[in-house]
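Visitor: Can you keep this structure in mind? I'll have questions shortly.
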Amino acid sequence: MTDTEEEILKMSRGFPAEPYSNTELFNAMAAYLIGGTTIIHGKKIRGVKSRKTNLKRAAALLIHEINGMEEEE
């Protein structure tokens, strides 16, 4: 596993435990990928200037959601 992959997995553990609704997930991904700010579960989510950081955060959010789905099954 590369350093980037390990960093993304570590980041994925930092999201709220509650699953995101489809709208919340869309808004968070939009904030990371095209910029802007949104508030989800009381946490402010916003993109930063670094495209690499934004992509890592978006990937971490997707991993977090997928892991949550697998735990439910």
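All of the numbers you see were taken from the coordinates with simple rules; none came from a lab. Being a predicted model, the structure only gives us computed values, none of them experimental. Cβ: placed from backbone, ideal geometry, glycine included. Neighbour counts: every protein chain shown.
Visitor: Suppose a student asked you for the relative contact order of the range 1-69, using Cα pairs under 8 Å spaced at least 6 residues apart; what percent would you report?
Guide: On the way: 63 pairs, mean separation 24.8, N = 69.
Reported relative contact order: 36 percent.
Visitor: For the chain, what is the calculated [θ] at 222 nm in deg cm²/dmol (nearest 500), taking -39500 (n - 2.57) for each run of four or more DSSP H residues and dividing by its residue count? Each step should come with its number before you reach the end.
Guide: Working: 3 runs with 45 residues, N = 73.
It comes out at -20000 deg cm²/dmol, rounded to the nearest 500.
Visitor: Considering the alpha-carbon set of the chain alone, what are its Rg and its Dmax in angstrom?
Guide: When restricted to Cα atoms, the chain yields Rg and Dmax of 11.9, 37 Å.
Visitor: Could I ask something else about it? Please identify which residues in the range 39-55 have an amide N closer than 12 Å to a label point set 7 Å out from the Cα of Leu62, following the Cα→Cβ vector.
Guide: Answer for this model: 55.
Visitor: Of Leu61, Leu25, Thr37, whose Cα points farthest to the positive end of the dipole of the chain (charges on the beta-carbon: +1 Lys, Arg; -1 Asp, Glu; origin at the Cα centre)?
Guide: It is Thr37, whose Cα lies furthest towards the positive end.
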